[in-house]
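Asks: Take a look at this one; I'll ask things after.
The values are calculated or read from the model by the stated rules, or taken from the named source; none is laboratory data. Quick caveat, the model's predicted, so the values are computed rather than measured. Glycine also receives a Cβ, built like all others from the backbone with ideal geometry; neighbour counts cover every protein chain displayed.
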Amino acid sequence: MASRAAGEELDRAPGAALVPRATRTNASVSVRKNTARLRLALEVGYPADLGAVSAAVRRHVTGRIEAMTGMAVPEVVVEIEQPHSETARKGKDRVR
């Protein structure tokens, strides 16, 4: 559920077309009583405001998980694993 919710938000993020859908998100969840803590690993389009994308994903996932499960979600850790750029996609050399 968390991975799908993160993917929904990433579809609206700048540079979404640069990231293959199959590699966008990976999620792990720790549940204790009525509390879920999440860790998300994301691949995002670049250049993008990584902080803003992370915050938007965090808000969206928190809301969706709380609504679907009724659990509190006090923590969502977001890790950016790999940014995808148009330059890398076309196989161009980096500018130095």
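Asks: Kindly evaluate residue 64 against the criterion of being at pLDDT 85 or above and under 11 Å from residue 2 (Cβ atoms).
Replies: Spelling it out, residue 64 is indeed at pLDDT 85 or above and under 11 Å from residue 2 (Cβ atoms).
Asks: Pull out all pairs, ordered by first then second residue, where Cβ-Cβ is under 9 Å, the residues are six or more apart or on different chains, the first lies in region 59-74 and is within 12 Å of residue 40 (Cβ to Cβ), and the second is assigned to a helix (DSSP H, G or I) and β-branched (Val, Ile, Thr).
Replies: Pairs found: 73/61; 73/62; 73/65.
Asks: Return yes or no: is residue 30 at pLDDT 75 or above, exposed (fewer than 12 other Cβ atoms within 10 Å of the Cβ) and not β-branched (Val, Ile, Thr)?
Replies: Answer is yes for this residue.
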